[in-house]
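Peer 1: Okay, handing you the structure first.
The values are calculated or read from the model by the stated rules, or taken from the named source; none is laboratory data. Keep in mind the model is a prediction, meaning the values are calculated, not measured. Virtual Cβ from ideal backbone geometry, glycine too; neighbours counted across all protein chains shown. For accessibility, only protein heavy atoms count, side chains too; no ligands or nucleic acids. Shrake-Rupley method; radii C 1.70, N 1.55, O 1.52, S 1.80 Å.
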Amino acid sequence: MTTQDFTTLLAAVRQIVTARDIDRDAKLHAICALLKREVAHYDWVGFYLVDPARERELVLGPFVGAPTEHTRIAFGQGICGQAADTEMTFVIQDVSQETNYLSCSPHVKSEIVVPIFKDGVVAGEIDIDSHALAPFTEADNAFLEEIAALVAALL
């Protein structure tokens, strides 16, 4: 993907976020579908949201891709939990090299997880799995961090 392609996708995400005729979960699902459809190396796209009843636990929100058994993840557990706990983006180019990786599918080779901040606190995250080794670039990272900033308005 080129920077121009990501710019076009950001505009589409902005339209989804500001749409008045659909609810939050429908917007998040639409963003997942858009990203999976338009970015060839995004094979599973989903949102994990902080459970308001359990502040240090993520619950699976809208996603597009194969079903996962990981519907609840404690902060610190797996790559998603680490990203939430450390408040940092994690780019894992080869999940087989990670000792704390929670496998969703034998096809997943890499993962990127970007925290979403609301009022300075992690409120959720974008999780993307790829079936390719090392597909994520700095452009993916910057693009997804911009999406996280846009999505924060929905949480």
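Peer 1: State whether one or more residues within the range 56-70 are among the polar types (S, T, N, Q) and modelled with pLDDT under 95.
Peer 2: The answer is yes; a qualifying residue exists.
Peer 1: For residue 153, state whether it is under 22 Å from residue 26 (Cβ atoms), open to solvent by 40 Å² or more (accessible area, probe 1.4 Å), in contact with a helix residue (DSSP H, G or I) (Cβ under 7 Å, 6 or more places away or on another chain) and not in a strand (DSSP E or B).
Peer 2: yes
Peer 1: Quick check on the range 3-36: of everything there that is open to solvent by 70 Å² or more (accessible area, probe 1.4 Å) and farther than 22 Å from residue 48 by Cα, which residue is modelled with the lowest pLDDT?
Peer 2: 3
Peer 1: Among the residues of the range 104-141, write down those that are in contact with a His (Cβ under 9 Å, 6 or more places away or on another chain) and among the small types (Gly, Ala, Ser).
Peer 2: At the first step, the residues of the range 104-141 found to be in contact with a His (Cβ under 9 Å, 6 or more places away or on another chain) are 104-105, 107-110, 128-132, 135-136, 140.
The answer is 105, 110, 130, 132.
Peer 1: If you go through the range 37-47 one residue at a time, how many are open to solvent by less than 60 Å² (accessible area, probe 1.4 Å) and either out of contact with any Phe, Trp or Tyr (no Cβ under 7 Å at 6 or more places or on another chain) or of a type in the set (Phe, Trp, Tyr) (or both)?
Peer 2: The total comes to 6.
Peer 1: Please find, among 125, 111, 146, the residue that is acidic (Asp, Glu), assigned to a strand (DSSP E or B) and either over 14 Å from residue 50 (Cα atoms) or over 13 Å from the mean Cα position of the chain (by Cα) (or both).
Peer 2: Of 125, 111, 146, the one residue that is acidic (Asp, Glu), assigned to a strand (DSSP E or B) and either over 14 Å from residue 50 (Cα atoms) or over 13 Å from the mean Cα position of the chain (by Cα) (or both) is 111.
Peer 1: Of all residues being among the hydroxyl-bearing types (Ser, Thr, Tyr) and in a loop (DSSP other than H, G, I, E, B) in the range 48-89, which is surrounded by the fewest Cβ atoms within 10 Å (Cβ to Cβ)? Just the residue, please.
Peer 2: By that ranking, first place goes to 71.
Peer 1: Just to verify a result, which residue in the range 90-142, among those that are open to solvent by 40 Å² or more (accessible area, probe 1.4 Å) and among the acidic types (Asp, Glu), is nearest to residue 9 (Cα to Cα)?
Peer 2: Among those residues, the one meeting the criterion is 138.
Peer 1: Let me ask something additional. Look through the range 25-55, keep the residues that are basic (Lys, Arg) and free of Cβ contacts under 8 Å to residues at least 24 places away in the same chain, and return whichever of them is nearest to residue 154 (Cα to Cα).
Peer 2: 54
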